[in-house]
Amino acid sequence: MLKDIAREYFIDRNYNCAESVLRAANDFYGLELHDRDMILIGGYGGGIQCGSTCGALLGGVAALSMMFIKTKAHESEDIKEVVNLFLDKSKAALESTLCSDIKPRLARPEIRCYETVRIACECLESTLEEFRRSC
């Protein structure tokens, strides 16, 4: 499962929330991203380093972008719908999309923000299942 791969990246390999979700999605969904490509998402961890939008969710959006955008986002028929579905599911599960709201409730010293990463992965999998069923 996606969350198990993300756990390895987050807990065992010490990547941040955004990196862990995207790296796990890359492995699980075969996105064909290279290690060097992953650096692009690193600054999004910790809510873009300032407690803003949750990095785990941004990693999920990056994965969806790789899946649904061929060249330009505004030319994709599905990106807006699938991203909004993912964020709606995530907000319902996490009660917010902001790191500054989520982290105080879910982060623990021994696992850092893994609970948030786990939930983001479950929401990503659920989003893709639901979206593909509706097509």
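Mean separation of Cα pairs under 8 Å and 6+ residues apart, divided by the residue count of segment 2-134: what relative contact order is that in percent?
In percent, rounded to a whole number, it is 28.
Most mobile of R108, R36, R13 per a Gaussian network model of the chain (Cα springs, under 10 Å)?
R36
Work out how far the C-alpha atoms of segment 6-61 reach from end to end along every principal axis, then list the three figures in whole Å, largest first.
In descending order, the Cα extents are 30, 20, 17 Å.
State, to one decimal in nm², a quarter of the convex hull surface area for the C-alpha atoms of the chain, i.e. the direction-averaged projected area.
Value for the chain: 7.7 nm².
For K103, list the lysines whose Cα falls under 21 Å from its own Cα; do not include residues on the same chain fewer than 8 positions away.
Correct list for K103: K3, K89, K91.
Quick one: which residues, 5+ away or cross-chain, put their amide H under 5 Å from the amide H of T53? H built at 1.01 Å from N.
C99
If you fit an axis through the alpha-carbon atoms of helix 55-68 and take the longest principal axis of the Cα set of the chain, what angle between them do you get, 0 to 90°, nearest 10?
20 degrees
Given the -39500 (n - 2.57) contribution per DSSP H run of 4+ residues, what per-residue ellipticity at 222 nm results for the chain, rounded to the nearest 500 deg cm²/dmol?
Computed ellipticity for the chain at 222 nm equals -18500 deg cm²/dmol.
Taking DSSP loops as anything outside H, G, I, E and B, show the longest stretch in the chain free of GluC sites (Glu not before Pro) there with at most 13 other beta carbons within 10 Å.
Answer from the scan: 33-76.
List the trypsin sites (Lys or Arg not before Pro) in segment 54-118 that DSSP assigns to loop (not H, G, I, E or B) and whose Cβ has at most 15 other Cβ atoms within 10 Å. Which are they?
Within segment 54-118, the qualifying trypsin sites (Lys or Arg not before Pro) (loop, at most 15 other Cβ atoms within 10 Å) are K70, K72.
So what are the ³J(HN,Hα) numbers for segment 112-127, from phi and the Karplus equation (6.51, -1.76, 1.60; θ = phi - 60°), rounded to whole Hz, Gly and Pro as x?
6, 9, 4, 4, 5, 4, 4, 5, 4, 5, 5, 5, 5, 4, 5, 4
None of the figures in this text is laboratory data; all of them are computed from the coordinates on show. Note that the structure is a prediction, hence the values are computed from the model and not measured. Positions of Cβ are generated from backbone atoms using ideal geometry, with glycine treated the same way; all protein chains shown enter the neighbour counts.
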